[in-house]
Amino acid sequence: MFFTYLRRELRRRRKASLVVAAGLALGIALVIVVTSVASGMQRAQDATLESLYGLGTDVTVQKQPEEGKRPGRPGFDFDAGAGEQSRDHLRLRGFVATLDGDELAAVEAVDGVAGVVGSLELQQTTVEGEFDPGGADGGGGPAGGRRGRAAFDVTSLSVDGVDVTQPAYGPLTTSKIVEGRGFDDGDATGHVAVLDRAFADEEGLDVGDHVTVQNERFDVVGVAAPESGPSSAQVSIPLAAAQELGDFEGEVTSLYLKATDSQQIGAVSAAVEEDLPQATVTTSADLAETVSGSLRTAGDLVTGVGRWLSATVLVAAFLIAGLLASSAVSRRVREFGTLKALGWKSGRVTRQVMGEAVANGLLGGALGIGIGLAGAYAVTAFSPTLTATLGATGPGGGPGGGPGGEGGPNRLRAVTEQTVDIALTAPVSLGTLLLAVALAVAGGVIAGTFGGWRAARLRPADALRRVA
């Protein structure tokens, strides 16, 4: 009886039902579009941060050198005799200090840390050329009227020592292997290297060639290209080899932490800062604050205006649906009064009104989901490309981290400014669809509550007064 009466009344009042459903559909569709665009913004921001952050990394740790122990300029000792000469100097890259085994163990012991991977960032400076004490014409000293001549070239090479046993996160995960292969567990003690593609092209190097780091030969097994932003280093070698060459046995310059879950990231960051006061701890939330450009502007618009707008429209749709349901009951006084005179209880009348309202809400939900999916597809298909500008002022000063430059203090947070183009998408998740269904039911319940309350107050005598 309930469903028979429900079907008849919905068919008889199609226009009123469509008006209520359309109002709810508008609010629900707006919620779907805003939620999906916000999700797309988050994905776009994550994509930009990958250029600075190891994939799968939740927290990074670097340590600042103590006052008075900051590294000075490299020194080179040359032979005053004639002839070509070359000297290499390998030191830490940037304005950082190393973290030793005890500090690594302290970080590993922090609650909420699922894993820790270290890397060693080095810079090789090479000075090579010729020193001629006799001058250009061979006349020596003051008697010849000339002084000695020196012609030297200075080149640098950035080197990352990476933990090849943990490929899931770390500095090399922001790049993609385009030639050869990446590191595997068997390379942990080997002399092999993966080159940045720009460096390999500049030097004319391919897989099978070799590079020299601190007079040691490393066979090139792969070439990697950064998927966004700059590469981490020109040459990546196994961590053990880098530690041996730089005389940093058991030490690293950066730690990449994986938290047990996203809710633990803040607690992990705070605990590491407490255990290592000199460390600079960076999370993805910290890096997100350095993103600017149209991506940031659009994200702020969605967060600030879009959600408030969708909430306002949704509340208005609920109120309008409730008022329309209450108004419909007023026009059905004779009907409900007659039903009560025939023996219907107030609760039965209320359930009937509530059922009609929930059915209208579900219809509005179906329409809203359809409109929302179409809107999300339109955003993905026709939205303009957004730009994200990455760059921040590091602990040492201007862009690039002041004295350390690129790769200076906290390379992960202070980098040379760069712009990344991002294609905006609006993915609709299952959770968003479930939210739409919940809103549809809620809208129906609210409308039914208005109408049911009005219907429950009707008396059979009201119907008799309206009989002509």
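The values are calculated or read from the model by the stated rules, or taken from the named source; none is laboratory data. None of these values were measured; they are calculated from a predicted model. Positions of Cβ are generated from backbone atoms using ideal geometry, with glycine treated the same way; all protein chains shown enter the neighbour counts. Keep in mind that these areas ignore ligands, DNA and RNA; they rest on the heavy atoms of the full protein, side chains included. Shrake-Rupley method; radii C 1.70, N 1.55, O 1.52, S 1.80 Å.
Observations
- Residue match in region 38-49 (condition: at pLDDT 75 or above and touching a Lys or Arg at 6+ places or on another chain (Cβ under 8 Å)): yes
- Remark: Gly139 matches the filter, which requires a residue to be touching a Gly at 6+ places or on another chain (Cβ under 8 Å) and either open to solvent by 70 Å² or more (accessible area, probe 1.4 Å) or modelled with pLDDT under 75 (or both).
- Looking across region 101-116, just one residue is open to solvent by 60 Å² or more (accessible area, probe 1.4 Å) and farther than 13 Å from Asp275 by Cβ, and that is Ala114.
- Count - residues of region 230-273 that are more than 20 Å from Glu103 (Cα to Cα) and open to solvent by less than 30 Å² (accessible area, probe 1.4 Å): 7
- Residue within region 375-397 that is within 21 Å of Ala25 (Cβ to Cβ), over 20 Å from the mean Cα position of the chain (by Cα) and either modelled with pLDDT under 70 or among the hydroxyl-bearing types (Ser, Thr, Tyr) (or both) present: yes
- Cβ-Cβ under 9 Å pairs, at least 6 apart or on other chains, region 106-124 side more than 14 Å from Glu251 (Cα to Cα), far side part of a strand (DSSP E or B) and among the basic types (Lys, Arg): Val113/Lys258; Ala114/Lys258; Gly115/Lys258; Gln123/Arg91; Gln124/Arg91
- Ser269 fulfils the conditions (1) at pLDDT 85 or above; (2) among the hydroxyl-bearing types (Ser, Thr, Tyr); (3) assigned to a strand (DSSP E or B) except for a single criterion, (3).
- Being modelled with pLDDT of 70 or more, more than 30 Å from Asp100 (Cβ to Cβ) and crowded, with 17+ Cβ neighbours inside 10 Å holds for only one residue in Phe318, Phe336, and it is Phe318.
- Verdict on Ser228 being more than 17 Å from Thr60 (Cβ to Cβ) and modelled with pLDDT under 90: yes
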